[in-house]
Amino acid sequence: MPTRSALTIWAITAACITRPAPAQHAVFGQWRVTGSMCGPGGCALSRAEAASWRGRVAAYSDTLAQFADHSCSRPRYTVGYWPANGVYGGASFADLGLSGDSAMVVDISCPGQPPTGLSGDRWEAPGGFLVVKDANHLLAIWEGVFYELTRQ
């Protein structure tokens, strides 16, 4: 018969395996670009180029991260938090439509794929860095543009 401590360890392990990590719960699923805005510091893309991304689809799962024609197999999701009193790309929390004391941010890395920049295995592509606004809205930041993604 298993000891009490063995049963406790098994229960904790099972809970860790079956409970999704915060990033998974927040970003896993299908998303569509429904809006965009340039930060106060401006954008590398024109407003017309940024607006042309409306309707593009993103999907995040444990086996694939995809934004339009960019994809990452076997992504890893790292969670961080932005404090509400910070400025991000020249934008405040209020500018971005965020509320609360902090916002979850999710950085996606792509181990095993050739590095695309100086950040090691970080997935440097549209949709590779996400800000969680709420359960149904994300912000994807690319080329100085904040793209709003809505859960499908």
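Considering only the range 41-96, state which residues are on the phi > 0 side of the Ramachandran plot and free of Cβ contacts under 8 Å to residues at least 40 places away in the same chain. Gly55, Arg74 - these are the residues of the range 41-96 that are on the phi > 0 side of the Ramachandran plot and free of Cβ contacts under 8 Å to residues at least 40 places away in the same chain. Of the numbered criteria (1) more than 24 Å from Ala103 (Cα to Cα); (2) small (Gly, Ala, Ser); (3) part of a helix (DSSP H, G or I), the one Ala23 fails is (1). Only a single item in (1) exposed (fewer than 15 other Cβ atoms within 10 Å of the Cβ); (2) touching a helix residue (DSSP H, G or I) at 6+ places or on another chain (Cβ under 9 Å); (3) among the hydrophobic types (A, V, I, L, M, F, W, C) is not met by Ala51, and it is number (2). How many residues does the range 54-66 hold that are surrounded by 13 or more Cβ atoms within 10 Å (Cβ to Cβ), modelled with pLDDT of 95 or more and in a loop (DSSP other than H, G, I, E, B)? Count: 3. Identify all residues within the range 52-74 that are of a type in the set (A, V, I, L, M) and farther than 17 Å from His25 by Cα; write none if there are none. Those that are of a type in the set (A, V, I, L, M) and farther than 17 Å from His25 by Cα: Val57, Ala68.
The values are calculated or read from the model by the stated rules, or taken from the named source; none is laboratory data. All figures in this text were calculated on a predicted structure; none of them were measured in a lab. We place every Cβ from the backbone using ideal geometry, glycine too, and count neighbours over all the protein chains shown.
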